[in-house]
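Peer 1: I have a structure here, written as structure tokens, and I will follow up with some questions on it.
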């Protein structure tokens, strides 16, 4: 039940922008993406099937999208220059996390 509440608070934009941006996206999200990227590269180095490496690489995509929309929704509630900057940074982060 706690996980559901946590996800809903993010999805609805009820969580504080600073928490969603800095902790959830920049810290936890970046760690997850780095781990799956390293895992995918490791699989390729071990000559595992390319499809498996791509699957591992793309595994955090739903999480990344949740974080992206969470930042945007929290920013809408917050307003101001900081909120706009967080939205732009979240967009850049999502593109980087999905392509690098």
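Peer 1: It is to be established whether one or more residues within the stretch 55-67 are modelled with pLDDT of 95 or more, in a helix (DSSP H, G or I) and closer than 24 Å to residue 81 by Cβ.
Peer 2: Within the stretch 55-67 (the criterion being modelled with pLDDT of 95 or more, in a helix (DSSP H, G or I) and closer than 24 Å to residue 81 by Cβ), the answer is yes, since at least one residue qualifies.
Peer 1: Quick check: anything in the stretch 43-51 assigned to a helix (DSSP H, G or I) and closer than 24 Å to residue 7 by Cβ?
Peer 2: No.
Peer 1: Give the residue, chosen from 61, 94, that is free of Cβ contacts under 8 Å to residues at least 60 places away in the same chain, touching a helix residue (DSSP H, G or I) at 6+ places or on another chain (Cβ under 8 Å) and either loosely packed, with under 13 Cβ neighbours inside 10 Å or under 12 Å from residue 25 (Cα atoms) (or both).
Peer 2: 94 is the lone residue from the list that is free of Cβ contacts under 8 Å to residues at least 60 places away in the same chain, touching a helix residue (DSSP H, G or I) at 6+ places or on another chain (Cβ under 8 Å) and either loosely packed, with under 13 Cβ neighbours inside 10 Å or under 12 Å from residue 25 (Cα atoms) (or both).
The values are calculated or read from the model by the stated rules, or taken from the named source; none is laboratory data. Here the structure is a predicted model, which is why all the values come from computation and not from measurement. Please note: Cβ atoms are built from the backbone with ideal geometry, for glycine as well, and neighbour counts cover all protein chains shown.
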